[in-house]
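In what follows, a single structure is set out as structure tokens and then discussed.
The values are calculated or read from the model by the stated rules, or taken from the named source; none is laboratory data. Predicted, not measured: the structure shown is a model, and the values here were computed from it. When we count neighbours, we look across all protein chains shown, and the Cβ atoms used for this are built from the backbone with ideal geometry, even at glycine. Accessible surface areas use protein heavy atoms only, side chains included; no ligands, DNA or RNA. Shrake-Rupley method; radii C 1.70, N 1.55, O 1.52, S 1.80 Å.
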Amino acid sequence: MAPVDVERIRRVLEERRPSPAHVLFAVFISSLAEGNLLNQGVMNFLSRSAAEKLHVYLGAMGLRVEGRTDAERLRDLVAKVNRLLEIGRDPVVEAAGDGVVTVGLGGESCRYCPKGVGLAEIPGTACPFPRLIEALAQLEGINARLIVEREGARVKVLEKRSGLCFFRYQVGQR
């Protein structure tokens with residue numbers, strides 16, 4: 001294990017303002033990733049598996065999704081999950097045409113990131129939110145499917161740009 005960069009930790013605490021619970025999650029996930037026990041594919045599985053129980057908790061915390069269309073309801077879901085879980089700065093949710101909705105979440109402000117908060121030195125990503133949002137949306141009756149790209153054996157679900165992590169959903173088609 002490499003020595004911990006205390007100045008980097010101070011910057012993370014100042015910039016992202018994670019709670020102790022955020023840090024615990026991020027460093028646990030980081031430890032799994034560094035032990036080669038976690039990658040984006042495994043995180044996708046964990047997110048889908050945890051979604052049903054988390055959905056019950058979020059409902060008890062006041063999650064009520066509003067909107068007329070699946071795209072409007074997905075926008076509301078993302079905003080409310082971001083607020084309830086204190087993920088990061090306000091998300092960006094945009095219709096991209098052909099029933100595709102692009103979500104920008106967390107990124108440089110994400111309090112759960114195994115790399116940004118957990119200090120994981122890993123290739124690729126290990127983000128819980130693309131599949132978690134998909135699963136929560138489906139539990140809310142929103143027809144949304146995460147758009148996944150494959151790069152060889154690697155699963156690509158998000159792209160980092162403009163300080164956020166962006167992922168896309170196909171929405172509203174049954």
Quick shape check on the chain: root eigenvalues a ≥ b ≥ c of the Cα gyration tensor, a/c under 1.5 is rounded, otherwise prolate if a/b tops b/c, else oblate, and it reads prolate
Note: F45 to E108 extended length (0.36 nm per residue) minus current alpha-carbon separation gives 20.3 nm
If unit charges are put on Cβ atoms (+1 for Lys and Arg, -1 for Asp and Glu) and the dipole of the chain is taken about its Cα centre, the option from F129, F28, G172 lying farthest towards the positive end turns out to be G172
TM-like helix rule applied to the chain (DSSP H, alpha carbon span at least 20 Å on the long axis, mean Kyte-Doolittle at least 0.0) gives 20-34, 40-60
For E34, the accessible surface traced by a 1.4 Å probe with all protein chains present amounts, in square angstrom to the nearest 10, to 90
Among K53/K160; K53/K80; K53/K156, the pairs whose Cα-Cα distance exceeds 23 Å are K53/K160; K53/K156
Projecting the Cα atoms of V157, A144, G59 onto the charge dipole of the chain, where Lys and Arg contribute +1 and Asp and Glu -1 at Cβ, the residue farthest towards the positive end is G59
Cys residues of the chain with no disulfide-compatible partner (no other Cys Cβ under 4.7 Å) are C127, C165
Computed for the chain: size of charge dipole around the Cα centre, +1 on C-beta of each Lys and Arg, -1 on C-beta of each Asp and Glu, debye to nearest 20, value 140
Computed for the range 53-148: size of charge dipole around the Cα centre, +1 on C-beta of each Lys and Arg, -1 on C-beta of each Asp and Glu, debye to nearest 20, value 260
